[in-house]
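Below is one structure, written out as structure tokens; the observations come after it.
The values are calculated or read from the model by the stated rules, or taken from the named source; none is laboratory data. These figures come from a predicted structure and were not determined experimentally. Cβ placement follows ideal geometry from the backbone for every residue including glycine, while neighbour counts extend to all protein chains displayed. With ligands, DNA and RNA removed, areas are computed over all heavy atoms of the protein, side chains included. Shrake-Rupley method; radii C 1.70, N 1.55, O 1.52, S 1.80 Å.
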Amino acid sequence: MDEVKVVVAHSERATLRVGDVFLKVDADQARIDVEVEAMSLAPVPTPEVLWRKPSVLATAALPGTTLGRLGGPSTGSPAAWAAVGAAIRKLHDAPLPSRPGQAGRSIVALAEELDAECELLVTNGVLPADLVTRNRRVAEAALRPWIPAFTHGDLQIDHVFVDGDEVTGIIDWSEAGQGDALYDLATFTLGHEEHLADVIVGYGTDIDLVVIHAWWSLRSLLIVRWLVEHGFDPFAPGCEVDVLRSRM
């Protein structure tokens with residue numbers, strides 16, 4: 001009998017694996033709707049949707065493995081990382097979906113959220129003031145005009161599967177929509193800076209590295225407190241706090 005494996009779980013959503021089926025349970029039905037629509041539009045491999053019911057989405061497992069995880073060792077050849085870069089570029093060049101995604105928040109809204117979060121990080125003693133201040137300055141470069149692209153919005157390294165040097169699928173599309181292409185590239189390479197050059201080779205165009213670094217800082221500053229409050233450890237080696245320290 002197949003066992004039930006909890007892939008990830010917190011107060012907003014949970015993902016379970018039963019054999020070769022993944023079950024995503026989400027308190028926000030709209031996120032499931034976005035995910036199904038985005039997978040139907042994305043010109044890259046995505047999981048097969050087996051069925052969906054209110055608050056639950058069932059998808060088939062993908063072949064292959066991820067290139068690693070945040071805080072863990074990375075795997076795969078430079079060609080595999082470049083193949084992911086090419087897949088991301090194909091996504092970004094696709095016709096735009098109808099709605100903005102997580103990577104498409106306005107500059108004003110992001111700046112306000114960042115300022116509020118930085119104040120809380122220092123006031124609550126989560127991070128030292130000098131670390132927050134330095135990374136707030138670095139993050140400023142991400143707050144600039146950008147051309148909308150079809151973005152995944154949560155392109156963490158463990159959301160991309162490869163088999164050898166071939167991309168076999170990308171999962172978790174609930175944050176997809178119009179957004180800043182460099183947000184996706186930064187999210188995918190967060191904590192694995194050593195592979196950024198390989199990804200850019202596959203992506204095939206000039207990338208503003210200052211903006212990539214800015215998104216590393218911005219994303220990390222915005223997520224640290226949420227991770228702590230939901231039982232995750234951003235202080236683990238190689239995770240978000242180490243990413244912030246690397247900018248010092």
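Observations on the structure shown:
- Percent accessible area from carbon and sulfur atoms, region 2-153, protein chains only, probe 1.4 Å: 58
- Axis of helix 129-139 versus longest Cα principal axis of the chain: the two differ by about 60°, to the nearest ten degrees.
- Accessible surface for region 40-94, divided over its residues, is 47 Å² per residue with a 1.4 Å probe.
- Build a GNM of the chain with springs between Cα atoms under 10 Å apart, and of Ser11, Ser174, Ser217 the one that fluctuates most is Ser11.
- The share of accessible area on region 154-209 that comes from carbon and sulfur is 43 percent, using a 1.4 angstrom probe.
- Going by accessible surface with a 1.4 Å probe and the largest first, Glu12, Glu240, Glu112 read Glu112, Glu12, Glu240.
- Relative contact order for the chain, counting Cα pairs under 8 Å that sit 6 or more residues apart, in percent: 24
- Compactness of region 147-225 is given as radius of gyration and Dmax, 12.5, 36 Å, from Cα positions.
- Interchain or long-range residues, amide H under 5 Å from Val7's placed H: Thr15, Leu16, Arg17
- Helix-only CD estimate at 222 nm, as mean residue ellipticity for the chain, using -39500 (n - 2.57) per DSSP H run (n ≥ 4): -12500 deg cm²/dmol
- Per-residue ³J(HN,Hα) for region 159-174, Karplus 6.51 cos²θ - 1.76 cosθ + 1.60, θ = phi - 60°, Hz, x for Gly and Pro: 9, 10, 10, 9, 10, x, 9, 10, 7, 9, x, 10, 10, 6, 9, 5
- Distance between region 106-179 and region 7-28 - C-alpha centres, whole angstrom: 22
- Heavy atoms of the protein chains alone define the surface here; on that basis region 121-219 has 38 Å² accessible area per residue at 1.4 Å probe size.
- With each label modelled as a point 7 angstrom along the Cα→C-beta vector, the Asp163-Trp51 pair spans 2.6 nm.
- Cα-projected label distance for Arg245 with His10, points at 7 Å along beta-carbon direction, nm: 2.2
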